[in-house]
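What follows draws every value from the coordinates through simple rules; no lab data is involved. Just so we're clear, the structure is a prediction, and the values are computed from it rather than from any experiment. Cβ sites come from the backbone with ideal geometry, for glycine too, and all protein chains shown count toward neighbours.
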């Protein structure tokens, strides 16, 4: 018995000794623990009892770090990275965390910093608290601001009941990629099937994981909204900037409820900037989703206004743990030809929207000239037409957006709008 106790103490002391190994600051992390034979190791550290609260677990031939709260409730534990030389405001942390069992649901994780690996009083939290659930596994923290006293990234883990356990893996600390150049688009046809993360491709949200995340568990990917514990708190899912909020386009999307039953409200609206939620202007009737299968929703056309830059869904849950699947967003010209021809001179304008090199105008009489204008009234192109009732206009070099074509015929003049994609 004494030998067993002595062996256990020696093992714990040896594991604890890893903390005092020669640890030099590192600039990046890409740690999946596959080269670990124990934990703590390689200048990683966990508070509590080594081998009990934090341990190395072979999870289906994949090494992970397992946190186990044992009998502790509402007691914080800390998982700490090696010292980092690049807490400079330009790096970010990603990691995976999944419940080790259903008992782990509700465990709280905060990403923060320490000035020394065991000085937990120096912990400074960065970003919102993460609640571990059974659907989200990959998390991205906010950028951590530069501060010379920040030396280590730490994960403060707090259980809400006994015997809760969480598996951690795939820690990365790397340069924040340069911001994506987001140019206005004239149309959207987005199924998210080519996405590998969310937000991405100039789509934005008012909150990150786990309130919005990419559900890629099936071939048909979608965006999942999850209310967590928020009730009657609006969240926003926002499209890329649009150049065609002109009164002639409308939005279509699909939504299906998940999780706790009850009303989930969606209001379609616009924003002046993708993070200025105070500028939200509602358009059309509020949509109330309460059970049932996936449905497609079509908003009313949004009126033209130079302040409307983005279309946004304001989503409000009326109970905790409600969820929605959102998919197949389409922003397109409303049904019709796009022709506003009081004189009934222009018979057809096609294709509209146009993504190719030419657009064709057909009139009921001989066309003399055709002129393309920008929406600001600038002449873009004029074509002197040979006798005939049809004119083909080159548009391949035009930038995406809304244009106006004017034709002068033997019977007068007329105008129509078209969209270049």
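Miscellaneous remarks
- Whether the range 100-220 is rounded, prolate or oblate, judged on the alpha carbon gyration tensor where a/c under 1.5 counts as rounded: oblate
- Calculated FRET efficiency for the pair residue 138/residue 360, C-beta based, R₀ 51 Å, to 0.05: 0.55
- Added length on full extension, which subtracts the Cα-Cα distance from 0.36 nm per residue, residue 38 to residue 400: 124.6 nm
- Pairwise FRET efficiency - residue 96 versus residue 252, Cβ, R0 = 41 Å, nearest 0.05: 0.75
- In plain terms, the chain from residue 265 to residue 297 could stretch by 10.2 nm, reckoned as 0.36 nm per residue minus the Cα-Cα distance.
- If a spin label sat at a point 7 angstrom from the Cα of residue 24 along the line to its beta carbon, no backbone N atom of the range 64-96 would be nearer than 12 Å.
- Label-point separation, residue 281 to residue 229 (7 Å along Cα→Cβ), nm: 3.8 nm
- Spin-label model distance (nm) - residue 105 vs residue 410, 7 Å beyond Cα toward Cβ: 7.6 nm
- Summarising the label geometry, the points placed 7 Å from Cα in the beta-carbon direction at residue 380 and residue 73 lie 6.7 nm from one another.
- Residue-span extension gain [residue 119 to residue 148] - 0.36 nm each, minus C-alpha spacing: 8.9 nm
- Translational diffusion of the range 188-333, µm² s⁻¹ [Kirkwood Rh, Cα pairs; Stokes-Einstein; 20 °C; 1.002 mPa s]: 141 µm²/s
- Prolate/oblate/rounded label for the range 346-420 (Cα gyration tensor, a/c 1.5): prolate
- Estimated from helical segments only, the mean residue ellipticity of the chain at 222 nm is -1500 deg cm²/dmol, where each DSSP H run of four or more residues counts as -39500 (n - 2.57).
- Reducing the range 84-131 and the range 268-334 to their Cα centroids gives an inter-centroid distance of 33 Å.
- Summary of the geometry: the range 389-413 and the range 352-379, compared by the centres of their Cα atoms, lie 1 Å apart.
- Residues of the range 248-267 falling in the label zone of residue 319, defined by backbone nitrogen less than 17 Å from a point 7 Å along Cα to beta-carbon, are 256-266.
- Folded to 0 to 90 degrees: helix 2-17 orientation relative to the chain principal axis, Cα: 40 degrees
- Applying Stokes-Einstein at 4 °C and 1.567 mPa s to the Kirkwood radius of the chain, computed over alpha-carbon pairs, gives a translational diffusion coefficient of 51 µm² s⁻¹.
- Cα centroid separation, the range 36-52 to the range 218-235 (Å): 35 Å
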